[in-house]
Structures are given as structure tokens and as C-alpha cells.
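Encoded as C-alpha cells, the structure appears first; notes follow it.
Please treat every number below as a calculation from the coordinates, not as lab data. Because the structure is predicted, anything quoted here is derived from the model rather than measured. Cβ atoms come from the backbone with ideal geometry, glycine included; neighbour counts cover every protein chain shown.
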Amino acid sequence: AQTVTQSQPEMSVQEAETVTLSCTYDTSESDYYLFWYKQPPSRQMILVIRQEAYKQQNATENRFSVNFQKAAKSFSLKISDSQLGDAAMYFCAYSGTASKLTFGTGTRLQVTL
Amino acid sequence: GAVVSQHPSWVICKSGTSVKIECRSLDFQATTMFWYRQFPKQSLMLMATSNEGSKATYEQGVEKDKFLINHASLTLSTLTVTSAHPEDSSFYICSARDNWGSVNEQFFGPGTRLTVL
């Protein structure tokens, strides 16, 4: 079975600074997708960024980028120029051949002035 | 596009009653929908995969007779919590997979908070 591990329960970053959230996963599959979701206090799950495992190039979406290390099974999220609105729970998730999402335990991100 | 709604957004019920939660894909067709449960300050746990026109597939440890799932159309799945008890109180989230989109991408509803007294 696939597992997703987020080792940072909480992180804090100052506004306009950069923060990196860590995620590692375990799988025996070669074809899969990885996602970062944001869950603000409203609890609506919002897709931040996705990465296809077959793509070597790291995905980027505006201020959000990932560092995908397939051999190390690592998938970290970098948030640049942090904004107050980035404060939320962030979940790393894996989807493989079964097309089900397996979530990590989450990282609560605080953004301070 | 790719909007998923849930109804109700919150519900309070008495112990022993049944509660139905609806999940609708508003602008796309979804043969497959998913139901998750989220306890406070915890992650999402997949309960079951809902398949239009066929039986749902439940994850290990989830009681089929307790959490009834019906997926009668390409835009609607329902989760019925039968004979609810206080331990069923939780946040329930559904998601849907666009029939014409990536098989690995899911669109999430806003969730339903269930409180059983």
C-alpha cells in the first residue's frame, strides 16, 4: 500500500518570505501523480499544484513550485513571497493506478506579519 | 468549471436517526465519486468509492450497512449515515472525477459537518 508522510505538523513563515513544506511517499508503482492541496479554515480542499511522475521537470504555479525527487520519493512544496492568504493546512497526496488519493497527515502553515 | 456541491453544509441530528448527504457535480459528469471523512485536525480518510450504476467500493474497516452510498446518476451521489451515533460526528467530504478529465484528479465539495447528539 502507498503511504504519504508529512513530517512537519506546523510551519511558520513571515510575509513575503519563502517556505518549504516536506513530503515523502512510498510506492512500488512507476506511474503515478502527486498533489499538494490547501485546506483553509473554510475546509474547502483547493488544488495547489500537481506533478506527473513521468515528467522530470518540476511543476510550477505562480508562487508555488515543487521539488520532485523520484528516486528519493520526495515531493516538497515551495511557497515564495508568502501572503497572509496562504495560511492553511497543506496536504500532500498520492494517486496511482487505483486512482484513489492517499493523503499525508498535513502541515499547518502560519503566515506572520 | 469543475464545481462540486454538497448538501447540507451542516446537520445536527438525534442519536438513532439517519442522515442523507448529497454530492453533486454541477458542470461535469462523474461516473466516479469519492467519500471522505475528516476528524478535527486530522487528514482526510477515504471511506468509499462511489460508482454510477453499480455498488460502491468500501475501504477496509468502513461499515457498508452503516454508510449507505447510492450513485444513481452521473451527477449525484448520496451518503446516508444510518442509525447515527455521536461517534459518527465528523466532517464528510465528497469528491468527483470528471469523466473527460484525468483519472487521477478529483474535484472536492465544500464538505458537510455532521453532529449527532
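Over the protein assembly as shown, the fraction of Cα-Cα pairs per 5 Å bin, rounded to whole percents and listed from the shortest bin up, is 1, 7, 14, 18, 18, 16, 13, 8, 4, 1, 0. Between the stretch A:1-61 and the stretch B:76-113, what is the C-alpha centre distance in whole Å? That distance is 21 Å.
Taking the Cα centre as origin and putting +1 on Lys and Arg beta-carbons and -1 on Asp and Glu beta-carbons, what dipole magnitude results for chain B, to the nearest 20 debye?
Charge dipole of chain B: 240 debye, to the nearest 20.
Fewest-first ordering of A:Met11, B:Met47, A:Met89, B:Met33 by other beta carbons within 10 Å of each residue's beta carbon gives A:Met11, A:Met89, B:Met47, B:Met33.
Let me spell out the model: positive unit charges on the Cβ of Lys and Arg, negative unit charges on the Cβ of Asp and Glu, origin at the Cα centre of chain A. What dipole size does that give, in debye rounded to 20?
200 debye
In what order do B:Ser9, B:Ser90 fall by count of nearby beta-carbon atoms within 10 Å, going from fewest to most? Don't jump to the answer; show the numbers that get you there.
Details: B:Ser9 12, B:Ser90 21.
Ascending Cβ contact count within 10 Å gives the list B:Ser9, B:Ser90.
Return the lysines within reach of B:Lys14: Cα separation strictly under 26 angstrom, same-chain partners fewer than 8 residues apart disregarded; answer none if there are no such residues. The qualifying lysines are B:Lys41, B:Lys64, B:Lys66. Relative intensity of the stretch B:1-66 on a log10 scale, I(q)/I(0) at q = 0.18 Å⁻¹, equals -0.90, per a Debye sum over C-alpha point scatterers of equal strength in the absence of solvent. When restricted to Cα atoms, chain A yields an Rg and a Dmax of 13.5, 43 Å, respectively.
Over the C-alpha trace of chain B, radius of gyration and Dmax come out as 13.4, 41 angstrom.
Considering only A:Leu77, A:Val66, A:Gly104, and ranking their Cα positions along the charge dipole of chain A that arises from unit charges at the beta-carbon of Lys, Arg, Asp and Glu, the one farthest toward the positive end is A:Gly104. Among the trypsin sites (Lys or Arg not before Pro) in the stretch A:21-57, those placed in a DSSP loop whose Cβ has at most 11 other Cβ atoms within 10 Å are A:Lys55. Remark on B:Ala48: its backbone amide H falls under 5 Å from those of B:Trp35, B:Glu59, a criterion applied only to residues 5 or more positions apart or on other chains, H modelled at 1.01 Å from N.
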